[in-house]
Amino acid sequence: MLETVKQLTGGMDVERNIAEADRSKARESVVKPEIPTTSAPDKPSLSEEEMERKSKSVIDEFLHINDFKEAMQCVEELNAQGPLHVFVRVGVESTLERSQITRDHMGQLLYQLVQSEKLSKQDFFKGFSETLETADDMAIDIPHIWLYLAELVTPMLKEGGISMRELIIEFCKPLLPVGRAGILLSEILHLLCKQMSHKKVGALWREADLSWKDFLPEGKDVHNFLLEQKLDFIESDSSCSSEALSKKELSAEELYNRLEKLIIEEKANDEQIFDWVEANLDESQMSSPTFLRALMTAVCKAAIIIADCSTFRVDTAVIKQRVPILLKYLDSDTEKELQALYALQASIVKLDQPANLLRMFFDCLYDEEVISEDAFYKWESSKDPAEQNGKGVALKSVTAFFTWLREAEEESEDN
């Protein structure tokens, strides 16, 4: 009898337990949707010290391997963990006293981050603010600090970055009380003149609708300051009716002769070459194969050193000096770069294909990032009938270059 009661009550207990479990599940199903909103985030915010350490690691690796894509992915991950103005500050501090190319790469990375909206303009400005606030004191130990800061920030003025007006106003705020805004502004404008003509820089300044009086100490004579800083071209508005007239189209021979005289005979600096090009060519002529080939031919001729009648080598210093000109007019455009390679091929053929000369040029143009991998491959596979003179011999002379290029690409993909 007792056993029977136990079995009956035990069965009732089981039923009660099942019912309780069902009710519990029902309650959980009601509450469950609220859990994600009340739970702690998967990645808690990093402290500023941890953010600095991670930022330094990302920046060091980027400057070592120069991989923009990977660096941008790392910054995107950092953004989920802490404020990115810390990354900008560490980037500025890490590169301020290093080489010019290092500062240029850092500036290019910041530009790409802003352009792709992975870095806000507010974080960009805030990241620079601490250095700008102490820059006048730092100038005692770093006399060229204004140039170094300009090298870091000038890439941001490219299309898709930050407007000249907004950038200059923000950057000069902490410098106005110490009277240094005009000096930094001067360095920025001079750097722009190395990338484009004085006329274009003057036009950009006028478009920004800025006044020099707002950036110089009270009582400072604007005209005298611009003369001292060699910025008097900013004052003159060169737009006149004669400028609007279409420019005479120069033949390939005329173009080459003018450029050869500027680059080889007169050894004109980049700014003088920009000014000549802008004064004599319109936009369509600057993008034409005729101009691009003439420019490449003149630059390469200037870089060839003839040791004796059969020994040639490349003066890489000349190529490096002319990188800003080549980059400006080739404009990272594969088709324009291909025209430059055709011009180089023709120049080497004209010299009767000296041993290793084309390979030396290819190495230098690749190292200086003047010609992209895509353009090299396009030249290699090109069957254009007009470009076949000497192509077979040229290809054989750079077989090792393309082998190395493919191996490096495969190794990069494996990594």
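Each reported figure results from applying straightforward, stated rules to the coordinates on display, with no laboratory input. Since we're looking at a predicted model, the values are computed, not measured. No Cβ is skipped: glycine too gets one built from the backbone with ideal geometry, and neighbour counts run over all protein chains shown.
Output the number of residues of segment 47-73 satisfying the condition of being surrounded by 19 or more Cβ atoms within 10 Å (Cβ to Cβ) and either within 20 Å of the chain's Cα centre (by Cα) or among the acidic types (D, E) (or both).
6
Kindly indicate whether P177 is more than 23 Å from the chain's Cα centre (by Cα), of a type outside the set (K, R), surrounded by fewer than 21 Cβ atoms within 10 Å (Cβ to Cβ) and outside any helix (DSSP H, G or I). First the steps, then the outcome.
On the way: more than 23 Å from the chain's Cα centre (by Cα): yes; of a type outside the set (K, R): yes; surrounded by fewer than 21 Cβ atoms within 10 Å (Cβ to Cβ): yes; outside any helix (DSSP H, G or I): no.
Against the criterion (more than 23 Å from the chain's Cα centre (by Cα), of a type outside the set (K, R), surrounded by fewer than 21 Cβ atoms within 10 Å (Cβ to Cβ) and outside any helix (DSSP H, G or I)), P177 does not qualify.
For segment 374-415, which residues satisfy the criterion of being surrounded by 14 or more Cβ atoms within 10 Å (Cβ to Cβ), closer than 24 Å to N66 by Cα and charged (D, E, K, R)?
K378
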